[in-house]
Every structure is written in structure tokens, then in C-alpha cells.
1. All but one of (1) surrounded by fewer than 17 Cβ atoms within 10 Å (Cβ to Cβ); (2) within 13 Å of the ligand (Cβ to nearest atom) hold for Thr120; state the number of the condition that does not hold.
2. So, in the range 199-213, exactly how many residues are touching an Asp or Glu at 6+ places or on another chain (Cβ under 6 Å) and without any contact (Cβ under 8 Å) to a residue 60 or more places away in the chain?
3. Can you tell me which residues in the range 14-25 are open to solvent by 60 Å² or more (accessible area, probe 1.4 Å) and under 15 Å from Tyr74 (Cβ atoms)?
4. Checking Lys222 against (1) of a type in the set (D, E, K, R); (2) under 28 Å from Gly56 (Cα atoms); (3) part of a loop (DSSP other than H, G, I, E, B), which single condition isn't satisfied?
5. Among the listed residues Ile106, Ile71, identify the single one that is part of a helix (DSSP H, G or I), within 13 Å of the ligand (Cβ to nearest atom) and touching a residue at least 12 places away in the same chain (Cβ under 8 Å).
6. Which residues, taken from the range 96-105, are open to solvent by less than 10 Å² (accessible area, probe 1.4 Å) and within 16 Å of the chain's Cα centre (by Cα)?
7. Has the range 79-93 got any residue that is open to solvent by 40 Å² or more (accessible area, probe 1.4 Å) and either without any contact (Cβ under 8 Å) to a residue 24 or more places away in the chain or in a strand (DSSP E or B) (or both)?
8. If you take the residues in the range 143-183 that are open to solvent by less than 10 Å² (accessible area, probe 1.4 Å) and not in a strand (DSSP E or B), which one is nearest to the ligand (Cβ to nearest atom)?
Amino acid sequence: MATPHIEVEDKNLFAKTVLMPGDPLRAEYIAKNYLTDVIMINKVRNMFGYTGYYKGKKITVMGSGMGMPSIGIYSYELYNNYDVDKIIRVGSCGAYSPDAKLYDIIIVKDAYSESSFAKTAYNYQENIISSDDFLTNNLSEAAKNLNIPFTISTIHSSDVFYRAHGNVMVDVRDKYNCVGVEMESFALFANAKYLNKKAACILTVSDSLVTKEYTTAEERQKSFNKMMEIALEAA
Ligand code: HPA
């Protein structure tokens, strides 16, 4: 049955594994460039979703939107209403570590957050939630097989993009060993944990909070392709 945010009536239109970029236009790009026999399954709020096949395996790609409230809604409905088992977020992050360079690939082991998402939703008191070991290991193995370098680390899932208070490098990076920052993983991992499902996340560094460098849209697309190949192989 359709949800308030997803118009899909038949669960079978969803694959068991869903790749979620933040940007719905990225979902369209993945569907057009990597999948065969594609059908569009959702366009409510332009949060495009597509189901197709990658090397014979059924895969859905759908945007999550930006931030924990948005991915919180979509991932919950995918797991709970559409029987999705695995969600792999394919996103971008800002670098906190001087060692993380633009276009580097980061596989997320743990998400640290000061967000109230998990407390409010599930009374989870912890501020670090892990990705699924099995799925995360699949990502690492896929990257190794494709000969693509990566690091596996803790990421900061932040509710705030523009931050004027405190010193994030001291208060978050140094304290929790976060290589970079994004805005979704913690909520995705919390939902997966509560619903007994699997979640993982792979990120490309799109900007650096250390050097203040950032990537152009075209360059981002290229590095995004590498990350997508890893995620599709892992799926
Ligand atoms: N901050 C938060 N989220 C992000 C960033 C950032 O600098 N870059 C990509 N996602």
C-alpha cells in the first residue's frame, strides 16, 4: 500500500536492496547509466525511485533527500512498509581530517551524532550507531576487488550544515575520531537497528572543512561513478 510519501502500491516493485543517494537526480543517473529494464516507481515530491537490474540482480535506487528527518522517513517506510532488507546510502561528505582528500572514498563503520533522532524515535541513548558489519564488509571487499582505495571510519552525522557555535574540530572530530561530516547515516542506522534490517553507507569527499576546497559538479560525477560501482557490486 502507498505511504504518505511513496506512491508505490505493490511491494514487489521494490527490490530487497535499495541504493539511496541524497539527490533524486542522482537516483535517475544511476538508473539510466547502470541498470537495465528500469521502471520508475516513485515521483511523489520528486523523490524519484527506480527499480531495475544490475548484472541480473534486482536493485532499487531512490533519493533520500538531505538530513536525518528526510532519510528517516524514507528509510523507515522502505524497511517497514515495503519489506526492503538492505539500504546502502551513497552520499557525499565534508572532510574533517587533513588526510581525507577531495574524491576520497570513505566506507562508514560508525556514525556519531548529537542528534536527538534515535532518542526521540526509539529511546536509544547512545550517540554512536554502527553500520551493519556484513554489508559494510561487502562494500570493503567490492572496493578491493575493483582496486579502488578507500578508508573505513567513523563519520559525523550532523543536523546542522551552517554552524557558528563551538569548535567542531575539537568538540567532534578529535573527541569522536570523525574523518568527515554528512547529515544522514545516524538516522538510517537507527532505523535499521530498530527494525532489524541492514544499513551501510559509502561516501565521497566533496569538500574539505580543513582546506576549504570543494569539488565541481562535473568532477563529483566522475568520482561518484567509482563509488556507485562499489555499491552496486556490494549489493
Ligand atoms: N557538511 C555536512 N554535510 C555535507 C558536507 C558538509 O560540509 N559536505 C557534504 N555533505
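1. Against the list (1) surrounded by fewer than 17 Cβ atoms within 10 Å (Cβ to Cβ); (2) within 13 Å of the ligand (Cβ to nearest atom), Thr120 comes up short only on (2).
2. 0
3. Going residue by residue through the range 14-25, those that are open to solvent by 60 Å² or more (accessible area, probe 1.4 Å) are 16, 23, 25.
Within the range 14-25, Asp23 is the sole residue that qualifies.
4. Result: Lys222 passes all but (3).
5. Details: Ile106 fails: part of a helix (DSSP H, G or I).
On inspection, the qualifying residue turns out to be Ile71.
6. Here is the first cut: in the range 96-105, the ones open to solvent by less than 10 Å² (accessible area, probe 1.4 Å) are 96, 105.
Selection gives Ile105 alone.
7. At the first step, the residues of the range 79-93 found to be open to solvent by 40 Å² or more (accessible area, probe 1.4 Å) are 80-81, 83, 85-86, 92.
So of that shortlist, the ones also either without any contact (Cβ under 8 Å) to a residue 24 or more places away in the chain or in a strand (DSSP E or B) (or both) come out as 86, 92.
Yes, there is a match, as at least one residue in the range 79-93 is open to solvent by 40 Å² or more (accessible area, probe 1.4 Å) and either without any contact (Cβ under 8 Å) to a residue 24 or more places away in the chain or in a strand (DSSP E or B) (or both).
8. If we filter the range 143-183 for residues that are open to solvent by less than 10 Å² (accessible area, probe 1.4 Å), which is where we start, we get 143, 155-158, 172, 178, 180, 182.
Retained after the next criterion (residues that are not in a strand (DSSP E or B)): 143, 158, 172.
Numbers: Ala143: 20, Ser158: 6, Val172: 11 Å.
Filtering first and then ranking leaves Ser158.
The values are calculated or read from the model by the stated rules, or taken from the named source; none is laboratory data. Remember, it's a predicted structure, so these values are computed and weren't measured experimentally. Heads up, the Cβs are rebuilt from the backbone with ideal geometry, glycines too, and the neighbour counts pull from every protein chain shown. Only protein heavy atoms, including side chains, enter the accessible area calculation; ligands, DNA and RNA are left aside. Shrake-Rupley method; radii C 1.70, N 1.55, O 1.52, S 1.80 Å.
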